[in-house]
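*Asks:* Before we start, here is the structure in question, set down as structure tokens.
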């Protein structure tokens with residue numbers, strides 16, 4: 001399956017009976033098959049009984065903001081009832097392309113296997129892809145890395161949009177040269193001016209003009225540096241925008257320079273954290289979800305027969 005188990009499903013026949021010719025609802029068995037996840041093992045949680053019970057069975061999926069996370073007891077109950085060995089699912093990017101969950105200590109067989117076949121997910125995760133191969137009763141996992149893309153402009157943008165940072169950098173550089181030249185001329189005129197009685201009012205006006213000119217030079221210098229960063233790090237900026245639900249850069253990162261932009265997508269874990277909002281179910285109107293504070297866990301188990 002794609003996501004995982006549901007507390008509303010007890011056997012395989014109930015999965016076959018689901019009407020799939022419709023939009024996916026925001027709750028229920030159909031939603032859970034697509035959106036649920038196995039609980040993260042070895043996670044740090046409070047050691048109370050309620051949390052332990054929730055991690056073994058079903059509890060709310062805070063990351064997806066819908067459906068559930070399911071634990072080892074929920075998986076073992078479903079597998080035993082349906083005479084199954086393991087469950088194979090996808091739905092979560094993995095650094096090695098796969099992950100084994102809830103390994104049976106006696107047989108050393110994982111109860112859940114996550115397979116993720118897209119290498120270098122979103123062009124920033126730097127993960128491997130993987131696939132399962134069954135040969136009689138032998139299970140093999142094949143890993144593979146990404147191949148270079150054929151040449152195209154990032155995000156398939158047109159050449160005019162691509163060239164804007166280059167043009168803007170040159171325009172601001174020209175403006176900066178003009179303002180700097182104007183400031184130098186003004187300072188030279190002050191030094192070369194003959195000693196003569198000048199009114200206090202004229203001195204105040206000239207001082208204000210010089211201050212305004214300096215502020216303009218500083219402002220244009222900042223603009224020039226920003227457009228220089230846009231030109232040099234354009235591919236990284238586009239990748240970072242793709243990870244953002246609103247397709248915008250994180251606030252203030254452009255001012256921090258090229259190192260901060262590269263650092264934001266430098267590893268698997270940072271890319272996964274940046275992409276976290278995109279892992280949740282969108283709102284009914286299609287807008288990105290709003291992060292929610294973690295609520296107390298509600299424990300759910302399978303329905304009684």
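Taken together, the values in this text are just the output of simple stated rules run on the coordinates, not laboratory data. Everything numeric in this text was worked out from a predicted model, so none of it was measured. Neighbour counts run over all protein chains shown; Cβ positions are idealised from the backbone, glycine included.
*Asks:* Using alpha-carbon pairs under 8 Å, 6+ residues apart, how would you state the relative contact order of region 14-154 in percent?
*Replies:* 14 percent
*Asks:* On to the next question. When the scattering of region 12-144 is computed by the Debye formula from its Cα atoms alone, each counted once and equally, what is log10 I(q)/I(0) at q = 0.11, 0.12, 0.18, 0.19 Å⁻¹?
*Replies:* Per q value, in the given order, log10 I(q)/I(0) is -0.47, -0.56, -1.23, -1.33.
*Asks:* Please compute the modelled spin-label separation between residue 266 and residue 15, points set 7 Å along Cα→Cβ, answer in nm with one decimal.
*Replies:* The answer from the label model is 4.2 nm.
*Asks:* Rounded, prolate or oblate: which fits region 64-103 when a ≥ b ≥ c are the square roots of the eigenvalues of the alpha-carbon gyration tensor, with rounded for a/c under 1.5 and prolate only if a/b beats b/c?
*Replies:* Numbers: a/c = 2.37, a/b = 1.35, b/c = 1.76.
Oblate, because a/c is 1.5 or more while a/b does not exceed b/c.
*Asks:* Sorted by mean Cβ packing within 10 Å, highest first, what order do the peptides 90-97, 17-24 take?
*Replies:* 90-97, 17-24
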